[in-house]
Amino acid sequence: MSDNRNTASEPSDNASENSEVYPGFKTMKEFTQNGLKILMEKIRESNSLPIGQRWDFYTSFPSFKTVMDSEGKRILHLMNMILRHQNIQGSILRRDIEEKFELLVDANDQIFERVGNTLDEILGIRKNPEPVLVEASGKTRAVSGSWNKGSLNKVDSNVPAQFQPQSVRLLTAKNIERPQAKFRDKIDNSNTPWDPRIKEKPNALKPLAILVETSEDGECFSHPYEFELDRFTPPDDQLKVLKPTPVKPMADTPLVMVERQEQIAPLLDDLLKCKTFAVDLEHHSYRSFQGFTCLMQISTGGKDYLIDTLSLRSDLHVLNEAFTNPKILKVFHGAEKDIQWLQGDLSLYVVNMFDTYQAAKALNFAGLSLAFLMKHFCDVNADKHFQLADWRIRPLPDELKMYARADTHYLIYIYECMRNALIQAANGQTNLLLAVYQRSTEVCKRRFQKFILQDDSHMELYRKSKKMFNNRQMYGLQHLFQWRDRVAREEDESTGYVLPNHMLLHMCELLPREIQGILSCCNPIPPLVRQHLVEMHQIILRARDQPLVKPVVEEELRQRPVAETWAKLNLENPLHCPHDMSFQVDFRDDLPTLLKPLENGDVEMSNQSLWIRASLPHSLATNLAQSALENHKPKLELGQSHLPEDGPEQGSDLKPELKDLIAKVNFLSPFECYKKVRPYLDHLDQEKLRKHQEKELQKEATKQVTDVSDDLTFEQRISRMQADIRRMTNDSQNGGPSTAGDSAGRPEEISLSSQAKGVKRKSSQIKGKSLEDQEDEEPQQKQKRTDTKSPKNSKSGPEAKQTVPPSNKTPNRNSSGPPQFEPYDYQQANYSRFQSGDQRRQNQDVRSNFAKKQKKNKNFKDSASKATRGIEGRGDKPSRGGRGRGRGRGRF
């Protein structure tokens, strides 16, 4: 047998010898030794590569550089494959040398940590590792001042504990696993309304029916227990004054942890036997988009339950049998959020609830918090140090257990005390208590709703920030807000974890051009921001490329008007009138109406065609209105109508003063009013049209003048300039404007050059004349100067309009014959400016006056002569005969 045993054992030994752990290696030790040997050889070879200046020298050879580049790329691809196999995010190919080194260091740390944890689990050293708790605390100090000197480090025993400075402790852990990864029901973070997951409806008065409804926030699903809540009435035993049951100390009350599915049935049986139990929840929302309930506390008076809602999330819906039972009272404090969390996470609904927060408001308590109620009714100082604790920690530390059970342990006793207080405050009536139940029932009707992203969802954050953004910044805010929402839904993280609001606003306000500027806006840098840095940079660049318009003041910054809150109207009230708007805020009784005041004090009323005197007594006006409505009904026509005249059948019962007023009754239809106003409107239209026509005529006249001047030819412009210069020269010589007849009756003033030099010629002519000729010409010149320069001495009236006959000595110059002399009428001569003296003195005065005028107009003559030379040319000169005649005559 021993031989058989030996032969039987030989095949097994051979099989063990032939088995290989890895192709080519029989044992793991042999594999590791061989791998270590190869690794040391490669390290030795890599150390032999040239470095520094030697590397620069060798890379100058193309063959060496080509080999090294190809080998380097191959090694990088192998390293990238290893990183992907180890589930390490990031690519090592497109990085700088420093970034590649940092990635390798992080990868090695993760790989070694994973290897160490795996070896510990294999060896059984670390099967259920406890979380590494991280606690941060800070104590609020009292205000420093001279009025409380010496009390900074003291605790006043007379001040309640809730009003004394307390430390705040943040309790969390480093190695907490994501609980939502183990949920059996997949979390739906889509941008669609929340769909209730309830499958059964216990304690139903109406079968389960979930329908889609439309609300102010959009579409939503109906409340499964809305029908039952509308018809709920509190039982009679909840409306009586009863002695409160003393609460047991927490040390004497058993604590039951419900962490497994088989523990739910005993819990449900215990709840169904109770008439009242208190409920509270602990929620976590920082590392989840929608948040989830981490713990439920229930107190029945005899026991305290702590239910792990993370592990029993999909199994607690059976508690609806107790939560929706209208005969069992559920006590909450501040249940607005708790009701929604129960629906969204656990599919639990509540019927018959009492909210101590609503009761505290009804009783007008100074404090509404649970800590205030515990101190007021139970004389217990609540420990609120762990308000910011991370309730995902498993197993729960003892501090968190004590903190959680204290929230519900005293709640039933507080309810009983507040119930009696409400009845006493209502003088033994139950109206206040029923009001609290009604408010609590309205809270139970709340529905869990997901956040639905819309195009203007970012405007709420913008309004709260009270900032002034232009269109570029608003573009960045909108698209970064949408990016943050999308990433938070995909990663199942809160928007505050992806990118906090203050960092988002700071980033949109600066719009940094570089990637490093984005990182500088975040302190500390969120992990998801570092991973999606390129995408965020592209959004900011697109925002910077937008055309700059102006700051967005718009309706988004100004506070929008609040909708009017209409008071609830009692339609059964006999005093109610739907047309009475006097209760509104903007009601005014001094606005203009259609009443037309008259000169005699009457008022024209369009209602019932009455003329009522404004000064009439109230009784007389009332009788007039009633009589007119009852006995005299006017017929309303398209045109003008009036009441019938007084006769034996109509108006016989009226008083004389009423008859006089009724005689004035007149009705003007809207068309008649329009016809009376129409002439005035037509007059306004005609005036407007006339003013418009005058403006058009002025524009046309101005345009014609400019057009005529533009249409003249070059020769016509020269001739017009010559005529203007002749007229201006004559005016300067004669001391006044010359007429057209004078210029036309002088044959010697033909050319422009002769006119420009007419002053000198005339002076020469005067010097060459005899005394007799000068004597004959002096009266005529004096008369001409008197008529032209002294318009003030001319007669006014009809005599001024008569033409003065020509003087006898004034020659009548005609082109056909010699000058003819006519007798001079001395009666019409003006002697007001006559000066005495001899003939020679008068001639000297004429010459001196002429010289003064010639000197005064020297600048004008020079400019005129230059103009004539430029226009006529140097060859266009006066005839020599004229100059010869001037030279031949003698001078004075």
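The values are calculated or read from the model by the stated rules, or taken from the named source; none is laboratory data. Note that the coordinates shown come from a computational prediction; the quantities given were computed from them, not determined experimentally. With ideal geometry, Cβ positions are generated from the backbone for all residues, glycine too; neighbour counts draw on all protein chains shown. For accessibility, only protein heavy atoms count, side chains too; no ligands or nucleic acids. Shrake-Rupley method; radii C 1.70, N 1.55, O 1.52, S 1.80 Å.
Worth pointing out:
- Ser311 accessible area, 1.4 Å probe, all protein chains in place, Å² to nearest 10: 60 Å²
- For the stretch 366-448, accessible area per residue (1.4 Å probe, heavy atoms of protein chains only), Å²: 42 Å²
- The fraction of accessible area contributed by carbon and sulfur in the stretch 265-396 is 49 percent, rounded to a whole number (1.4 Å probe; ligands and nucleic acids excluded).
- The solvent-accessible area of His409, taken with every protein chain present and a 1.4 Å probe, is close to 20 Å².
- Separation of the Leu434 and His537 label points, Cα + 7 Å toward Cβ, nm: 6.9 nm
- Largest to smallest accessible area among Ser314, Ser669, Ser719, Ser63 [probe 1.4 Å]: Ser63, Ser719, Ser314, Ser669
- Zone of Lys464's modelled label, taken as backbone nitrogen in the stretch 504-544 under 17 Å from a point 7 Å along Cα→Cβ: 504-508
- Among the chymotrypsin sites (Phe, Trp or Tyr not before Pro) within the stretch 286-341, those in coil by DSSP and having at most 16 neighbouring Cβ atoms inside 10 Å are Tyr286.
- The stretch 450-535, accessible surface, carbon-and-sulfur percent (1.4 angstrom probe): 49 percent
- Extension reserve of the Ile264-Trp55 stretch, reckoned as 0.36 nm per residue once the Cα distance is removed: 67.9 nm
- Spacing of the modelled spin labels on Arg94 and Leu519, each 7 Å from Cα toward Cβ, amounts to 1.7 nm.
- Label-to-label distance, nm, for residues given as Leu548 and Met250 (7 Å Cα→Cβ offset): 6.0 nm
- The stretch 24-54 versus the stretch 73-94: alpha-carbon centroid distance in Å: 20 Å
- Carbon plus sulfur fraction of accessible area for the stretch 24-133, probe 1.4 Å, in percent: 59 percent
- The accessible area of Glu262, taken with all protein chains in place and a 1.4 Å probe, comes to roughly 120 Å².
- Extension reserve of the Thr66-Asn471 stretch, reckoned as 0.36 nm per residue once the Cα distance is removed: 140.6 nm
- Sites Glu41 and Leu242 - FRET efficiency at Förster radius 56 Å, r taken between beta-carbons, to 0.05: 0.05
- The stretch between Asn191 and His77, if pulled fully straight at 0.36 nm per residue, gains 37.1 nm over its current Cα-Cα span.
- Near Leu422: Cβ cut-off under 13 Å, other residues only, Lys/Arg at +1 and Asp/Glu at -1. The net charge is +2.
- Note on Asp455/Arg720: beta-carbon distance plugged into 1/(1 + (r/R0)^6) with R0 of 60 Å gives a FRET efficiency of 0.25.
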